[in-house]
Each structure stands twice: as structure tokens, then as C-alpha cells.
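Any read-out appearing in this document is the output of simple, stated calculations on the displayed coordinates, not a laboratory observation. Note that the coordinates shown come from a computational prediction; the quantities given were computed from them, not determined experimentally. Cβ sites come from the backbone with ideal geometry, for glycine too, and all protein chains shown count toward neighbours.
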């Protein structure tokens, strides 16, 4: 297997939730050791992600693809999995996560993968997952490429659950009340919706008279 | 504007609301059965016509001895740990019950069931020993508490009339050691330490009266590894070694042996309630076990002999377990003969009442601890079966001649069946009434409303119930299994005539840790042709099982995929066609295993190893909970979509005629983890939406300062969950809905590996009641609106339309025309609980634990089975019965109108003909 050691430094910070990063209760720096394998081959080290601060989301990644272009091609053709094992160390806690994607998707995207680090509100890392950009279809026609990972690291924060919005509702009711007292209720219904009770009898009367009219000339 | 929006709201409510039941529909398709739980205490009253029972479900009830019906019933709180620990009949027509955790003493009037008084016994420290007894006037409690110098005995007396407490000063017990088994035989406390060879007896009113009696002096020789166990029956204590049994009366002088030689085969003893008060305490009843047969023996203690003519054999029903509670009643017949009645509770949680001759009635109390429910289709009727045979594929005769013979013979058979049914009265020419439908044969009806409910219970007893009447069709007790974990799978339904339907139960062996399968026929309850009498012992321990959604082609069996501890997959049944089916699918088969305590979730992919061998490989692993030990976080629920659920519409049409596509990920599950004792926000619940094929976390959210109970419902593209908000002290419902957006990434197939990131709408609502169970309704084709069934702690079951929980209900903009056009109501933070939405009207279902829903063949109707202390069955029609005629549809009238119209058209035709003829002549 021809190794092509390539050191790549790639910093991507992305927050993919609406929650501001300040919501995290405790910040931690963390080192995530990555090792990977194609299909049933043994795991080989891929590199590491240094998370300087989970809260700020500053991340850098050093990695090299230990496999050759052909290995990816073979795995893609055999419809094998690409496994990624992440050994995470933070705050003295050690956890091992495993994640996989189809090798053909990775091969087709020319090793452009997305690694997501999942963090809960207490600052625990509870998962690391790898995925290929979802536009891939696994059709299998790719020309030869340099086996360098082009990795995007995302940190996915947990969100606060919804809360019943009583205050907004009460405010809305109050506003409507005030507006009504002032007599400012703007009726934005359409003309027909507003005056249907007058229009319907009118139309009916017209129809009745119209229906009786044609008879007369017939006599 | 406000009035308009309100009136709009009302209009919507009127539109969405299912109509409540009409009065004449009561009991038409619903039924309820009331239960009490496993009987732990049973006492006959002095007439022998009533039995007072206390159960493990913390229920106190009075049963009518003649019928077994509940006269009255009290559910004394339903926390998991509390149960009735002692039950006494007081002299003055009252009954005293003592419930544990929290300890509460209650006294009821026996005949009316009215509570006389109750008192909570609050304790700072848990006593080492706490025993209860009654004297003539008082309820007495004896506690042994650790003190500075050793152990103290505390005696409290509660007046049976008023409940006033009278505590005697604590006295020291110098001889007491922890681990001692003490029994209270008022006024004596009899104690035996398992390692000791002597019994300690003390009069609780006089601590100086302590006596120590060597077991040898009682005639009991104890071997080195033999244990003596101490039991108590009214005012007797019993000592049991492995092969001997002896009974003693407790007196001031010590223990006095009674009843002479008791055989070691004695299982249970009871002091019978005797009808005439003078003979009270003169007799003793014992249940003996000889090989597999039980017999009841009556002893006359005064004459010290066995009354052989009174004693008799016990004939319990076939599927009953081992007796573990005996209560007896003795009465003298008019001719002077003694006869007995017994009440026996068995290990299958059933409760039997009978006499020497027979068992009069049995209560199946296992139905209060239901583990799983499946509603299965009944087989086709015999007429349809003969049609099936006629058009079946494998025909020996062919050609015109063969077909004619087959047709004639089949029609002759059908004629015979109709004649038989006419004779048996199964077909009535007049309209069938409700009573007539109860004894209908077990065959499929046109609308799939008649099914069989398979009920799997915690003690390992299996029931099949008829949905029309709630009658138990058959029952079966699983033998030699440990039913702590047990699942039921329907492998083949009865659609595949002439193949028989088949169900499988997965559980563990009672002797080892290995898995056992029990295969049976769901309609008859007979074991299938597998293993020994349907039991298949597997030589591995199963950690996960998966019933494949599609059946294989030759035997129409859905294969059961079992993952053993080393994650090696196995297929059941191990037939060639099933294995080939799994191998064919293996590229797309994934399984996941979750450890609820450590919160580790691991996903496996399956692959074929060799030509006919499967293997699995781990593909993902997550660890959800906090690793801090002080925060006790664990998985509280894992919910996936129902495998038979169909989604009718792929998206929602917005007001601007664009489509918002639903995120319909069939591989997504909802995992809820809950933590307690967090330093900042005490209880919290985290919800994870996880794709279990790729291991990707689709969405996660967290609520802080919340308390259990947590319930999660997940269907189509939405999740609804409930929790108790500790801050505002109310139950709230959270609602999430997932959309792909305005474009659909792949309209033909869904792949978890290339799944798009969904948009998540969310909203929360206040629910003004406490929820104890939650479930969504679903229909065969998914066209019918979705409702959520909420089982409430007050025994109601509410049917709440899902549109009320739509997260897109707008808060700020008050019902814009767009929203109105789409049919979305403006946001109201509090959800209504209208009385018409309570599907069980006045039939309160106590202690609701779970709700099961099965669709019928009618698109509009779903069958609902609710269980708890009671069981309740009904139909729900979330979009009303749009596909059937009303019950009160006038068939006669419409026929009359049709005939009238036809006649009128003929007459007018004639008249018109005449008129035109006359005009032609003009």
C-alpha cells in the first residue's frame, strides 16, 4: 500500500444550531484521536482533531490518508463501509465512538467528508459521526485523485427544548384588547367576507326576479 | 378581531373534534374489566360470603365469594414500591390495612367500603423490623429501631375506632441482632436469626419476659447447612426445615407444639374462619403437595387428628401456577357435616375460590401486569376457506371437467356449512343484537373489527381475548422460563391460508441465562411443531431481536433475527427459505443495541459471511449520558415508528401552493435520557433523534428542571413528548416536526447515508392534567387523521387531535389568511380537555400503564386496548366513520323509496305514453 503522507491543516468552525455557543455549561478542550478502516481491514491511525474550546468551536485537524486511491476504489466497488473510530479525551473523561459511512460515497466525493462532534448542554461529547456530502449518489465514476482528506468539522450543540409561550400569548391578547378599546380594530377581511350577509340576500333577490322575468315574454 | 379569531377557534374546534359517543352506543363496541392485582392477603368474613383481599398493586377489595365479583375496591396509591403489607379483620365489622412506603394505616367498614380513618406513620429512620398486629380493640405496631446502646423496641397502639395513637416508651432489646426474622403473634414477638439455633420470645408489653428456647428443645435438629425458616399464621408460628414442618402456639410459657406430626409435604397452612364463633381456632387447614397433586387437609386441633372425611384433593385449573397463599373457611352443613371453602393465590397471579368438589371461580389477576399486547387477525370463515381452496394454486385436476367437479363440490360444501350454521343458530335472519355477537365463532368479519388480543403478562401467562366481548378464549402459562424480559412476535398472520398463523415468544430459561423461544398458534393457543412442545432452547443469550418487516416467499413467515452476546446473528425459524431471505436482504439490514444504564448505543450492519452464513460488524457507537456519577442519567425510552405505519402524504401543501416535504426517515428512532440530581437544574430530559443505520444524530434537544413521567410518541415526521415542568408545576407537551424543505432530495428511496439535514419546527403546550400513558392512533393506509391517546392519572383516556400539537401554530400573527387556508389554528398555550374527547366516558380505567392501537380493515377505525389495573377496549374513528354507514341507517326506508321511485317512473312512463297518444289523435 503506497502511503502518501500528507499533513493537512484545515480549520472549519461551524455552528449548526440556533443556540449560541455561550449556552454550553462548561467549556473544555479536547483531543480526538481518529483511526479509520476500509471494510474489514484493521484500523489505522488517520490523525487527530484538536478542539481548543468546545464553546467557541475553534477546531483544527491534522490528518493523513493512510490508504491509497486504489483502496478506496476497491472498497467502493465492493460496497464496503468506511469506519472511523474516534477516541475522545476531555475533562479527564475518555470515550470511544465509532461511525461509518459507505466507502463509495466518500470515494465519489474525493474524500471530502464531514465530521460532526455532538455536544450536549452539559458539555459532554456524546458522539462523533462522519458523513459524505449528501449530494453523492454512489454511481462510481470518478477519475483518479490525490488521497487527501478535505474535512469539514462541525460541532453540533444540543438545543434548549421549546417552552410554552404564555407571555407572548398574553401580550397578544392584551394588545388586541387595547386596540379594541381604542376602536382601532382594523378589519382586514376581504369585501365579500365582511359583507356576505348583505350580499347573499341581494343576489338571491336578483336571481328570483331574474328567474321570473323570462317567463313573461314567453306567453 | 379578537372575537373573530375566537369564533374561528371555536369553528376549528367543532370541526376537529370527534363527536362524543351517543347514548345508545355505550357498550356497543367497548368493554371494561376490573382487576385488583396479585392477591397477597385474603381473609374470609365471618359468614364466608365475602373475601377481603389485599394485593401487590396496593389495592384493597371485597370480593363476593359466590361470583368472584368485586363488591368494592380501593386503589391505595400507585407508586411502584407501595403494597399492602398487612391486612386484618377487626371484630366490629371493620378491616385494617397497612400499606408500605409510605406507611399508612387505614381502617375501612367491610360491608360498605367506607374509610373510617387513616393515619400516615412518618418515620425519620427506617426501622429494622416493623410488624403489625391487631388486638381486640387496637391496631398495634411494633418497631425495632437502632439506638445508642443497641436496639430498642417501640410499641404503638392505634385505637380501631378513632385512630388515635398511643406510643409506649421504648424498651431495650439486648439480645437483638440485625438480620433476625421477627414475627408478631400478639402479644408476643417471636424472633429467629438464621445462624442462631434458638428462638427468642418476648412479650412486647413486658420486655423482662424474654425467653430463649433452643431449637433442640422443640424437637428440631438442625444440620450444618440447613436453614430453619419462621412463618406466622394468625396466632401460630411455624418452623420449617427442608423436610420437616412444625406448628406451635405461642403462650406466656413459650412455644407449645400443636397438631402433632405435620408432614414435610405441607406447603401452606391457614387458620380457617369458622361459621360458629365457638369453634373459632379449633381447626387448622393445610395444603399438602404430593408429587404434582395438591390436597387440602383439615385438622381438629382439640382432638389432635386429621379429619379425613372433610379433607379432599385440590383441582386447580390446568394453566395455574404453584399456590402461594391459602385462606380457608369452614362451615357446618345442615346435616352436621363439616365442609370447607378455600381461596388460593397462585404464582401465575390468579386467584381461585372453590370447595372440595371443584373450583367455583378464578380471577386472572395477571392481567394487571401486562407486558405486551398484539391484536391478531382471525382466520377466514369456513365458507371463505372453501372458496380459497377452490381457487388455490395447487390443483390436482385441471381442464373443464376438473374445474366443474371442483366448483360443484365446493358449492356443495358451502351449502353444507350454511346449513350447519343455520342449525347452530350462528346466522340469524333477523338483525343481530349485541348479545348475539358475543358467542360468534372465531372467524374474520368483513371489516377486521373482530380480532384476537394476545396478551403477554409478567408472570409468564399468555391470554387470548376476543375483541367483541373480552372473553378469554384460551390461556397458557409458560413453563421453566424467567420472564423478567419477554417479547412476543407475530411471525405469520392468518392471511396466508391454508398455512396456519404462528407467534413466537422470546424469553430466558429459568435455569440458565440462555434464551428460550416458545412457538404457538395464536388462535388455538396450541404449541407449534417446534422443539419440545413448542419450546425451543437456544444455546446462546440473545441481546437483541428483530422481526423482519417482510415475509419470505415460500412459507410466508417473517424471520426473526436474533443477535447473541457476541453479536453473531441467528435466524429463527432456521429453515432454508428464511435464511435465504435474510441473506438476500443482508446488505440493507442493520440492528442496534442500547444499554439503558450506561447509555451506550451500538449499531451493527449485517453481511453474508459465506454462502449461507451471516455475520455482523459494528458500524457506529454513541454514548449519550453524562459520565458524572452524581447525575444518575439513563435512557428512559426508545421509540421507533410502528413498522406497519404507512404515510399517505409526502408533504404539506402550503397556502402559496408550494409543498413542504416531510422528513420521513424510516430508520430514525427517538431516544430519551433523563438525569436526576444535577447540581444546577436537578432533573432534566434529553431527547435524541438518531438514525440507527448510519448512527447520525439528526436532532437533539434538552429540557431542564423537569420531572418524570416522560412519555414519547413518534409517528410519520413528528414527535410528541410529555414531561412534568418542576418550575411551573404543570405537565407540558413538547412537539417536534421535521421537514426536508421545499424540495425532496430523493423521492423514490431514502438512504440514511445521504440523508439531508431536516428543518425542525418545535413548540410546547401546557396540558392541564397528568399523563400516565401516551400513544398515537394509526390506520391501515395512513389517510385518516392522527390522534394522540392520552391516558390520564384520573382514569380518563383523551383523544387529542394531532393538529392541536402542530408546532407550526403561529404565535404572533393572529391567523393570517395563509394559515387559515392551510388549516392551522392560532397558538393557544393551553390544550383543552373537553369531556366529549374522553373516549371511555364514565368507564374509568384506573392506573393506566399503557395503550395499544391496531388498525382494522376499515380505514376510518382503529382498535384501542388500554391496560392498567383495569383493561378497556374500544374503537376510535379519528376522522369519523367516513367509510361505513351509520348504525341507525334506515335500510327499509331507502329500499321503500327506491321501489317507490321505480314504480313511479313506470307509471309516469305509461301516463306519458297515453298523453302523447291522445295528443297525436288531436
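Starting from the Cα gyration tensor of the stretch B:683-751, multiply each eigenvalue by 5, take the square root, and state the resulting semi-axes largest first in whole Å.
Values: eigenvalues 170, 33, 18 Å².
Whole-Å semi-axes of the equivalent ellipsoid: 29, 13, 10.
In whole Å, what are the Cα extents of the stretch B:83-122 along the three principal axes, biggest one first?
That works out to 27, 15, 14 Å along the principal axes.
Give the Rg/Rh ratio for the stretch B:448-575, taking Rg as the radius of gyration of the Cα atoms and Rh as the Kirkwood radius, to two decimals.
Details: Rg = 14.6 Å, Rh = 15.2 Å.
Reported Rg/Rh, Kirkwood definition of Rh: 0.96.
Place the peptides B:120-129, A:117-126 in order of packing, highest mean first, counting for every residue the other Cβ atoms within 10 Å and averaging per peptide.
On the way: B:120-129: 12.7, A:117-126: 23.9.
Descending packing order for the listed peptides: A:117-126, B:120-129.
Consider all pairwise Cα distances in the stretch B:65-162 and report the whole-number % of them above 22 Å.
That tail contains 35 percent of the Cα-Cα pairs.
Quick check: the angle from helix B:2-16's long axis to the longest principal axis of chain B, C-alpha only, nearest 10 degrees?
80
What is the average number of partner chain Cβ atoms found within 10 Å of a Cβ in A:90-101?
Numbers: counts 0, 2, 1, 4, 1, 5, 3, 6, 8, 8, 11, 8.
Per-residue shielding by partner chains comes out at 5.
Against the longest principal axis of chain B, how steep is helix B:576-585, in degrees 0 to 90 to the nearest 10, with axes from Cα atoms?
Approximately 70 degrees, to the nearest ten.
In whole Å, what three semi-axes, largest first, describe the equivalent ellipsoid of the stretch B:143-187 built from its Cα gyration tensor (square root of 5 times each eigenvalue)?
Numbers: eigenvalues 111, 35, 11 Å².
Working through the eigenvalues yields semi-axes of 24, 13, 7 Å.
Mean 1/r over all different Cα pairs, inverted: what Kirkwood radius does the stretch B:781-922 give, in Å?
Details: mean 1/r = 0.0501 Å⁻¹.
Kirkwood radius, the stretch B:781-922: 19.9 Å.
Using the alpha carbons of the stretch B:502-564, what is the convex hull volume per residue in cubic angstrom, as a whole number? Intermediate values should be presented prior to the final figure.
On the way: hull volume 6.0 nm³, N = 63.
Hull volume normalised by residue count: 95 Å³.
Evaluate the stretch A:16-109: find the radius of gyration of its Cα atoms, find its Kirkwood radius, and give the ratio Rg to Rh. Write down the numbers at each step before the final one.
Numbers: Rg = 15.7 Å, Rh = 14.8 Å.
Rounded to two decimals, Rg/Rh equals 1.06.
Any idea how far the Cα center of the stretch B:89-138 sits from the one of the stretch B:255-302, in Å?
Each part reduced to its Cα centre gives a spacing of 27 Å.
What shape does the stretch B:228-291 have by the C-alpha gyration tensor, where a ≥ b ≥ c are the square roots of the eigenvalues, rounded means a/c under 1.5, and otherwise prolate means a/b greater than b/c and oblate the rest? List each step's numbers first, then the result.
Details: a/c = 2.33, a/b = 1.26, b/c = 1.85.
It comes out oblate by the Cα gyration axes.
How well do other chains shield peptide B:691-703, expressed as the mean number of their Cβ atoms within 10 Å of each residue Cβ? Please list the in-between numbers first.
Values: counts 2, 0, 1, 7, 10, 9, 7, 1, 4, 12, 8, 9, 5.
Per-residue shielding by partner chains comes out at 6.
Which of B:761, B:870 has the fewest other C-beta atoms within 10 Å, and how do the rest follow up to the most? List each step's numbers first, then the result.
Details: B:761 18, B:870 23.
The most exposed by this proxy come first: B:761, B:870.
So if I restrict to the alpha-carbon atoms in the stretch B:304-382, what is the Rg, and what is Dmax, the biggest pairwise distance, in Å?
Over the stretch B:304-382's Cα set, Rg and Dmax evaluate to 17.9, 63 Å.
Could you pull the Rg and Dmax for chain B, using just the Cα atoms, both in Å?
Final numbers for Rg and Dmax: 33.4, 134 Å.
Taking 0.36 nm per residue of separation and subtracting the Cα-Cα distance, what length does fully extending residue B:123 through residue B:26 add?
Working: separation 97, 0.36 × 97 = 34.92 nm, distance 4.77 nm.
Contour length minus Cα-Cα distance gives 30.1 nm.
Mind jotting down a quarter of the surface of the convex hull over the alpha carbons of the stretch B:501-616, in square nanometres, one decimal?
Numbers: hull surface 32.5 nm².
Mean projected area for the stretch B:501-616: 8.1 nm², to one decimal.
State the Kirkwood hydrodynamic radius of the protein assembly as shown in Å, one decimal place, computed from all pairs of distinct Cα atoms. Can you show the working numbers first?
Details: mean 1/r = 0.0281 Å⁻¹.
Averaging 1/r across every pair of different Cα atoms and inverting gives 35.6 Å.
Please report the relative contact order for the stretch B:485-545, taking Cα pairs under 8 Å with a sequence separation of at least 6, and give it as a percent rounded to a whole number. Please report the intermediate quantities before stating the final value.
Numbers: 110 pairs, mean separation 15.3, N = 61.
Worked out over the stretch B:485-545, it gives 25 percent.
Quick one: B:865, B:753, fewest Cβ neighbours within 10 Å first, how do they rank?
Numbers: B:865 23, B:753 20.
Final ranking by Cβ density, sparse to dense: B:753, B:865.
Other chains near A:115-123: what is the mean number of their Cβ atoms within 10 Å of each residue's Cβ?
Per-residue shielding by partner chains comes out at 5.
For the stretch A:120-208, what mean projected area does the convex hull of the alpha carbons give, in nm²?
Details: hull surface 68.8 nm².
For the stretch A:120-208, averaging the hull's shadow over all directions gives 17.2 nm².
By average Cβ neighbour count within 10 Å, what is the ranking of B:265-274, B:735-744 from highest down?
On the way: B:265-274: 20.9, B:735-744: 18.9.
Per-residue mean Cβ counts within 10 Å order the peptides as B:265-274, B:735-744.
Mean separation of Cα pairs under 8 Å and 6+ residues apart, divided by the residue count of the stretch B:658-725: what relative contact order is that in percent?
Details: 115 pairs, mean separation 17.1, N = 68.
Averaging sequence separation for qualifying contacts and normalising by length gives 25 percent for the stretch B:658-725.
Give me the three principal axis extents of the stretch B:713-803 from the C-alpha atoms, as integers in angstrom, largest value leading.
Cα spread of the stretch B:713-803 along its principal axes, largest to smallest: 46, 34, 20 Å.
Along its principal axes, what span do the Cα atoms of the stretch B:123-205 show, with the longest given first and each in whole Å?
42, 26, 18
Per the helix-only calculation at 222 nm, which mean residue ellipticity applies to chain B, given -39500 (n - 2.57) for every DSSP H run of n ≥ 4 and division by its residues, nearest 500 deg cm²/dmol? Working shown, then result.
On the way: 7 runs with 103 residues, N = 922.
Theoretical 222 nm ellipticity from helices: -3500 deg cm²/dmol.
Determine how many Å³ per residue the convex hull of the Cα atoms of the stretch B:677-721 encloses. Each step should come with its number before you reach the end.
On the way: hull volume 4.1 nm³, N = 45.
Per residue, the Cα convex hull of the stretch B:677-721 comes to 91 Å³.
Does anyone have the angle between helix B:891-921 and the longest principal axis of chain B? Alpha-carbon axes, 0 to 90°, nearest 10?
20
Remind me, what semi-axes does the stretch B:230-363 give for its equivalent ellipsoid, largest first in whole Å, using sqrt of 5 times each Cα gyration tensor eigenvalue? Kindly include the intermediate steps, with their values, before the conclusion.
Numbers: eigenvalues 107, 74, 33 Å².
Equivalent ellipsoid of the stretch B:230-363: 23, 19, 13 Å, largest first.
Working from the pairwise distances between different alpha carbons, so that the mean of 1/r is found and then inverted, what is the stretch B:649-688's Kirkwood radius in Å? Each step should come with its number before you reach the end.
Working: mean 1/r = 0.0740 Å⁻¹.
Over the stretch B:649-688, the inverse of the mean reciprocal pair distance is 13.5 Å.
Quick one: in the stretch B:575-640, what % of C-alpha pairs are over 21 Å apart? Each step should come with its number before you reach the end.
On the way: 906 of 2145 pairs.
In whole percent, the long-distance tail amounts to 42.
Compactness ratio of the stretch B:830-891: Cα Rg over 2.2 N^0.38 Å, N = residue count? Mind showing how you got there, number by number?
On the way: Rg = 13.9 Å, N = 62, 2.2 N^0.38 = 10.6 Å.
The reported ratio for this selection is 1.32.
Below 8 Å, C-alpha to C-alpha, sequence gap of six or more: please give me the relative contact order for chain B in percent. Spell out each step's value before the answer.
Working: 1956 pairs, mean separation 62.8, N = 922.
Relative CO of chain B lands at 7 percent.
Distance between the C-alpha centers of the stretch B:634-667 and the stretch B:439-474? Whole Å please.
After rounding, the separation between the Cα centres reads 32 Å.
From the convex hull of the Cα coordinates of the stretch B:627-738, what is the mean projected area in square nanometres?
The directionally averaged projection comes out at 8.9 nm².
Going by how many other beta carbons lie within 10 Å of each one, how would you line up B:535, B:767, fewest first?
On the way: B:535 19, B:767 23.
Result, fewest neighbours first: B:535, B:767.
Could you work out the percent of alpha carbon pairs in the stretch A:49-207 separated by over 29 Å, rounded to a whole number?
Values: 6491 of 12561 pairs.
The share of Cα pairs beyond 29 Å in the stretch A:49-207 comes to 52 percent.
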